[in-house]
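One structure is given below, encoded as structure tokens.
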Amino acid sequence: MASAVFYLLAAATLVATLLCITRTNPVHAVIYLVQAFIDLALIFYLLGAPLVAAWEMIIYAGAIMVLFLFIIMMLELAPGGKPLVVDRRRWLPVVLLSLVTLGCTVVLITQDPAAAAGGAAYHATPRDFGTALFDHYALAVQVVSFQLLFAAVGAYYVGKGEPRKRGATLP
């Protein structure tokens, strides 16, 4: 049962990622990317890494996607001028992916595949993980933090725009 759930989640992740990179509307692409991140979090949970699954949901599906949506709104990247047309065919991929994810979530909640498969007896606590991360990989953590700082400064300057003169009217 666990392998069927794994392959189903892997397929849903691939489909959501492909839909993400083929959408022309950036907001739709972000929604599909959030779907892929949720599926990845369920895969991590299935593989016996609940802490990584929680970080996937909190950091990537939460904070990073809010940042992406903020940048999309700040740069006004959404296509404008098109009337909003409700087309049921456009909802089909979202509904199918959401149903697959919901079904796999229910299976993971009702059954514990790691316990049935005789998973590893050792689970690292967050303290052990942090100690290992900052003792052995401190340089990598610093490099990633600088990359995030550079990305934040770059997003600020890209979104800053032209300075306005005092008394100028808005268009």
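The values are calculated or read from the model by the stated rules, or taken from the named source; none is laboratory data. Worth saying up front: this structure is predicted, and the values here are computed from it rather than measured. Because the Cβ atoms are built from the backbone with ideal geometry, glycine has one as well, and the counts that use them run over all protein chains shown.
Here are the numbers for the structure shown:
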| read-out | value |
| --- | --- |
| Hey, His123 at pLDDT below 80 and either surrounded by 10 or more Cβ atoms within 10 Å (Cβ to Cβ) or at negative phi (or both) or not | yes |
| Test: residue in the stretch 94-110 that is modelled with pLDDT under 70, over 20 Å from Ala11 (Cβ atoms) and not assigned by TED's automatic domain parsing to the domain that holds Gly159 | no |
| Failed item, numbered, when Ala63 is tested on (1) at pLDDT 80 or above; (2) more than 17 Å from the chain's Cα centre (by Cα) | (2) |
